[in-house]
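For reference, the structure discussed in these notes is given below.
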Amino acid sequence: MPRKILVSAALAAASVLALAGCAGATPGSSGSSAAADGKVQVVASTNVYGDIAAAIGGDRVDVTSIISSTAQDPHSYEASAKDQLTISRAGLIIENGGGYDSFMDSLIDATGTEAPVITAVEFSHDDPGAEAHSDDDHDHGDETDAATPTDDHDHEGHDHIEGFNEHVWYDPHTIAHVAEEIAHELGEIDAAGAATYEQTYATFAAGIDDLEASLADIAAAHTGQKVFVTEPVPLYLTAAAGLENATPPAFSEAVEEGQDVPPATLLEALNILKSGDVSTVIVNAQTGGAETTQVTDAAKAAGIPVLEFTELVPEGDTYLTWMAQNISDLAGTLTR
């Protein structure tokens with residue numbers, strides 16, 4: 001999201017002391033990218049990517065997720081000197097990109113690490129700067145209505161891109177490619193485990209296939225039904241399910257930016273909910289405000305089911321079980 005968190009001057013000063021105790025290891029070198037037990041050190045911006053890395057790496061990796069609890073708000077996260085030290089010791093770094101977790105870019109720049117960085121948004125078909133990726137194994141089909149790229153505020157491709165939905169972890173198709181790249185990079189770092197990473201990726205990819213099959217089932221039965229989202233977080237998932245986003249763009253944009261929703265836009269949103277055309281309302285369980293509360297209350301008054309989706313993997317879940325539950329919950333709100 002555009003609410004970027006930069007490493008402060010205080011963090012930078014503190015990190016000098018923290019890094020001084022790093023046993024003289026060179027950032028990104030083999031000495032700083034493996035623990036005493038020889039495992040590859042993987043650092044992810046959130047537990048979404050940390051869980052995927054753990055699924056691929058198994059007991060050959062140690063994974064640290066900088067943001068790991070749904071009690072933490074990724075939008076207001078303040079990176080610490082400890083985070084910088086963690087990044088300096090990474091053998092592989094995974095971030096979302098697109099401006100969502102820009103504190104990662106600041107940490108990477110501050111450490112000068114040479115560890116490979118996987119940026120998830122670059123694997124999305126909707127990212128304006130993304131390279132083409134093969135659809136041979138995971139053909140997700142038409143991914144319309146999830147994002148409309150327009151203007152890129154450039155910082156090597158990682159600052160917020162206006163009009164682009166950076167919440168790409170809600171697109172299983174994109175995540176299949178991210179997981180494949182994780183397996184590839186781990187195989188490059190740890191050649192002895194390359195075959196293992198290929199096998200674990202195949203297992204993970206089969207789970208993605210199951211998610212996509214469930215989304216296809218929803219689309220077959222409910223294409224065109226309308227959903228209302230307070231933020232664009234789940235739009236890749238709802239688009240893959242064939243559902244139409246009925247939210248006024250100005251409403252979700254204002255909530256995402258942490259701004260007040262214009263009164264006329266709020267009235268438009270409430271009228272949409274009263275129309276009887278909306279099947280489901282989805283709110284972000286980790287953020288909220290007066291307008292979100294009004295929408296939730298209006299939906300309940302109109303008898304519209306309200307779902308809460310999160311930006312992080314809930315405790316006790318994996319990425320695959322979490323997404324499967326989200327899809328199941330969504331399907332349960334729709335009428336034939």
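What the table shows:
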quantity	calculated
Sequence-distant residues sharing a close amide H with Q225 (under 5 Å, placed H)	E244
Förster radius 35 Å - calculated FRET efficiency between T223 and E315 (Cβ-Cβ, nearest 0.05)	0.55
Per-residue ³J(HN,Hα) for the stretch 189-198, Karplus 6.51 cos²θ - 1.76 cosθ + 1.60, θ = phi - 60°, Hz, x for Gly and Pro	6, 10, 4, 5, x, 4, 5, 5, 5, 5
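Throughout, read-outs are computed from the coordinates displayed, never taken from laboratory work. The model shown is predicted, which means the values in this text are computed figures rather than measured ones. Please note: Cβ atoms are built from the backbone with ideal geometry, for glycine as well, and neighbour counts cover all protein chains shown.
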